[in-house]
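Engineer: First the structure, then my questions, so here it is.
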Amino acid sequence: MAHIIAPSLLSADFARLEQAVALVEASPAPWLHLDVMDGMFVPNISFGPPVIKAIRPLSKKVFDVHLMIMDPDRYIHAFRDAGAERLSVHYEACTHLHRTVQAIKAAGMKAGVAINPHTPVHLLEDIVEDIDQVCMMSVNPGFGGQRFIHGTYRKLDRLRELRELRGASLLIEVDGGVSLENAAELADHGADVLVAGNSVFGAAGPAAAIRALSA
């Protein structure tokens, strides 16, 4: 399977969200990545269900929503109603992770679990067969444009081994510091989905950047 590019709206110009969504809509990228931050789980605030609901009619892309928030269970239905099709919660933010994953699926969405750079892959052993994707953070969450953490490659290898060992069908997503320089190597290490923020919206030609990352 060719890797999926998921441009991250966090790196777009918030004053021109409609244009940013239109750019992704016209591109070969099948997903649009939406980072939701609450200023508590991470030291930044982005946007929430109202913004996602407002842009949903503008795109037929898969809305891949990444919740970097505390107590995500409270908002599962709000994001479903806003148009999310894939919803990832952080391992570090969930007291009862199985319950949260089940609630996401019961709401009709694909369920993902995100892990911070310091969180070891083995902690997913008891849930890997129940989830649809793992969002592996390759920077510390909260801000776009950070430098890629090279230890991510080792974690990708371990996650791919775990997926194969358990016969799981989840997608492996990498979020943070993805660029033309490392995209091919990330795919070689098992990444199925590459979240690209600054490398797309910070590029001189965002549409060309998406095409190049998709190659």
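No value in this document is a laboratory result; all are computed from the given coordinates. Predicted model, so just to flag it, every value in this text is computed and none were measured. Using ideal geometry, Cβ is built from the backbone for each residue, glycine included, and neighbour counts are taken over all protein chains shown.
Engineer: For segment 158-184, give me the residue count where each residue is touching a residue at least 40 places away in the same chain (Cβ under 8 Å) and part of a strand (DSSP E or B).
Structural biologist: Number satisfying all stated conditions: 3.
Engineer: Scanning segment 32-88 for residues that are acidic (Asp, Glu) and in a helix (DSSP H, G or I), which turns out nearest to residue 22 (Cα to Cα)?
Structural biologist: In this case the residue turns out to be 81.
Engineer: Would you point out which residue out of 29, 107, 20 is small (Gly, Ala, Ser) and closer than 25 Å to residue 160 by Cβ?
Structural biologist: Exactly one residue qualifies, and that residue is 29.
Engineer: A further question follows. For residues that are surrounded by fewer than 20 Cβ atoms within 10 Å (Cβ to Cβ) and at negative phi, tally how many sit in segment 76-93.
Structural biologist: Start the filter on segment 76-93 by keeping residues that are surrounded by fewer than 20 Cβ atoms within 10 Å (Cβ to Cβ), which leaves 77-78, 80-81, 83, 85, 91-92.
Restricting the remaining residues to those that are at negative phi gives 77-78, 80-81, 85, 91-92.
Matching residues across segment 76-93 total 7.
Engineer: How many of the residues in segment 42-61 are touching a residue at least 60 places away in the same chain (Cβ under 8 Å) and under 17 Å from the mean Cα position of the chain (by Cα)?
Structural biologist: Summing the residues that are touching a residue at least 60 places away in the same chain (Cβ under 8 Å) and under 17 Å from the mean Cα position of the chain (by Cα) in segment 42-61 gives 2.
Engineer: Right, here's the next one. Give segment 129-160 a look and list any residue that's surrounded by fewer than 19 Cβ atoms within 10 Å (Cβ to Cβ) and touching a helix residue (DSSP H, G or I) at 6+ places or on another chain (Cβ under 6 Å), or say none.
Structural biologist: 129, 130, 145, 158
Engineer: Mind listing whichever residues of segment 9-38 are farther than 23 Å from residue 88 by Cα and crowded, with 18+ Cβ neighbours inside 10 Å?
Structural biologist: Listed by number, the residues that qualify are 23, 27.
Engineer: Looking at (1) over 14 Å from the mean Cα position of the chain (by Cα); (2) in contact (Cβ under 8 Å) with a residue 60 or more places away in the chain, which is the only condition residue 37 fails?
Structural biologist: Here residue 37 clears every test but (1).
Engineer: Restricting attention to segment 89-119, report how many residues are without any contact (Cβ under 8 Å) to a residue 24 or more places away in the chain and part of a loop (DSSP other than H, G, I, E, B).
Structural biologist: Of the residues in segment 89-119, 4 are without any contact (Cβ under 8 Å) to a residue 24 or more places away in the chain and part of a loop (DSSP other than H, G, I, E, B).
Engineer: Can you report the number of residues in segment 11-31 which are of a type in the set (Phe, Trp, Tyr) and in a helix (DSSP H, G or I)?
Structural biologist: Looking only at that region, the number is 1.
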